[in-house]
Each structure stands twice: as C-alpha cells, then as structure tokens.
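For reference, the structure discussed in these notes is given below.
The values are calculated or read from the model by the stated rules, or taken from the named source; none is laboratory data. Keep in mind that what you see is a predicted model, and the values were worked out from it rather than measured. Ideal geometry is used to build each Cβ from the backbone, glycine not excepted, and the neighbour counts take in all protein chains shown. Protein only, heavy atoms only, side chains kept; ligands, DNA and RNA dropped before computing areas. Shrake-Rupley method; radii C 1.70, N 1.55, O 1.52, S 1.80 Å.
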Amino acid sequence: QVQLVESGGGLVQAGGSLSLSCAASGRTYSLRGIAWFRQAPGKEREFVAARWWSSGFTNYADAAKGRFTISRDNNKNLVYLQMHRLIPEDTAVYYCAAGSGLFEDAHLYAYWGQGTQVTVSS
C-alpha cells in the first residue's frame, strides 16, 4: 500500500504563486513514477508534471512548462509542485499520483491522493 496526501491548495490572485505538497507513506520503496494531475469541473483529468521517484528526470505538460516545477524533498518522502505566474485556467483540484512508470495518462497510475483545491482569481 502507498498513501498519498496533498496539501497547500488555496485561493490566489492571478500572477501569484502556490506550492503544493504530496506526502508519501507506506511502501514507498515500490514507487517508480510520481506525478501531478489536475481536474477542473466538467473536464478530463489533465496531466501537469511527473518525475521519477528516485531520479531527477522530469516531464511537464505544455501548460506547465516554464511556470511549474516538480521536485523532491531531501528525505525522499515529499513531492512538491511549485506554481508561479498562476492564471485562472490553472483553477482545478490538484492530485498527486504514483505508479510503476512515468506516464501522462492518468489511468496508468495506481495510487492517488484525495486532491487539494487551487483557485486562481482574476
């Protein structure tokens, strides 16, 4: 079992920044890929960013490139999504996901957190 818990969401004005955290626990030794997805009302769950659990290699959606950064804590149990220059289109529930690889397809991730709401006001 792997447990993922997101935190850090909130309300921010356009142009501002937020940093989300994902705390991983349980059988973290089994993790290979970890990612952030987001889902706005009426839309499909959308890939945001991913990285290997034990590697610095990262992958970003076009909408996230240059504005968002996925990173790991030195203790290897926290994953962050640093978001800058936020725009209203970034408003969504943000989810942390983990699985056996580095994918952009949400269906390929086995573990999910409960999500944290990010709202960007205009």
Legend entry - the range 62-120: trypsin sites (Lys or Arg not before Pro) falling in loop per DSSP and having at most 14 other Cβ within 10 Å: LYS65, LYS76, ARG85
Legend entry - Accessible area per residue, Å², the chain with all protein chains present, probe 1.4 Å: 53
Legend entry - Carbon and sulfur %, accessible surface of the chain computed with the full protein complex present, 1.4 Å: 48
Legend entry - the chain: antiparallel DSSP beta bridges as a percent of all, rounded to 5: 90
Legend entry - Simple Cβ-charge dipole of the range 34-122, Lys/Arg +1 and Asp/Glu -1, about Cα centre, in debye nearest 20: 240
Inset, instruction - Starting from the Cα of ARG67, step 7 Å toward the Cβ, then list every residue of the range 92-106 with an amide N under 18 Å from that point. - result: 92-95
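Probe radius 1.4 Å, ligands and nucleic acids left out: which of ASP90, ASP73, ASP105 has the largest accessible area, and how do the rest follow? Intermediate values should be presented prior to the final figure.
Values: ASP90 0, ASP73 40, ASP105 70 Å².
Descending accessible area places them as ASP105, ASP73, ASP90.
Could you tell me which GluC sites (Glu not before Pro) in the range 6-93 are loop residues by DSSP with no more than 16 other beta carbons within 10 angstrom of their beta carbon? Could the numbers behind the result be given before it?
Values: sites: GLU6, GLU44, GLU46, GLU89; in loops: GLU44.
In loop regions of the range 6-93 (DSSP not H, G, I, E or B), the sparsely surrounded GluC sites (Glu not before Pro) are GLU44.
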Inset, instruction - Taking every pair of alpha-carbon atoms in the chain, give the share separated by more than 23 Å as a whole percent. - result: 21
Inset, instruction - Using DSSP to define loop residues, name the trypsin sites (Lys or Arg not before Pro) in the range 2-60 whose beta-carbon has at most 12 other beta-carbon atoms within 10 Å. - result: ARG27, LYS43
Legend entry - Pair SER17, LYS76: separation of 7 Å Cα→Cβ label points (nm): 2.8
